[in-house]
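The values are calculated or read from the model by the stated rules, or taken from the named source; none is laboratory data. Note that the structure is predicted; figures quoted are calculated from it, not measured. Backbone-built Cβ (ideal geometry, glycine too); neighbour counts: all protein chains shown. With ligands, DNA and RNA removed, areas are computed over all heavy atoms of the protein, side chains included. Shrake-Rupley method; radii C 1.70, N 1.55, O 1.52, S 1.80 Å.
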Amino acid sequence: MIDAAVRKYFEGGHAMIVGSVAADGAPVASRGWGGRVLDDQRVRIFLDADDTGLVQNLSVNAVMTVTTAHVANHSSVQMKGTIERVGPASMDEVADAEAQSNRLVTTI
């Protein structure tokens, strides 16, 4: 269940690593740029559309893991799950990703 404490990690501008699986089964780590909690079971992760390897992996294997960590105190949250869909970000989501990335840079 995604509670308020977990929500702070996914929407708070913390470091984010996304794990995916390539078609040959190899694990791949990529950078996430923020996220949005949709409800108590689902999150939307903001990814770099130019990371074609990641997009390809998520199209082939609908599994991923996301780890988001607070760089100042080293605490983290990890989620594992299946992909519902991969699609372009809305303008609001682009603004959220930019704001979250800026908070991360400020913290660093």
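Projected over every direction and averaged, the convex hull enclosing the alpha-carbon atoms of the chain yields 6.5 nm².
In the context of the full set of protein chains, residues of the chain present 61 Å² of accessible surface per residue (probe radius 1.4 Å, heavy atoms only). Summary value for the chain: 31 percent relative contact order, contacts being C-alpha pairs under 8 angstrom separated by 6+ residues. Nonpolar atom fraction for region 29-100, defined as the carbon and sulfur part of the 1.4 Å probe accessible area, stands at 52 percent. Listed peptides 83-89, 47-53 appear in the order 47-53, 83-89 once ranked by packing, highest mean of other Cβ atoms within 10 Å at the front. Working note: 222 nm ellipticity from helices only, DSSP H runs with n ≥ 4, each -39,500 (n - 2.57), summed and divided by the residues of the chain, gives -9500 deg cm²/dmol to the nearest 500.
Once the Cα-Cα distance is subtracted from the 0.36 nm per residue extended length, the R42 to A95 segment shows a gain of 17.1 nm.
Volume per residue for region 1-53 equals 89 cubic angstrom (convex hull of Cα atoms).
The distance linking region 1-64 with region 67-105 is 7 Å (Cα centroid to Cα centroid, whole angstrom).
Once both labels are positioned 7 Å from their Cα atoms along Cα-to-Cβ, the gap between E84 and I108 label points is 3.0 nm.
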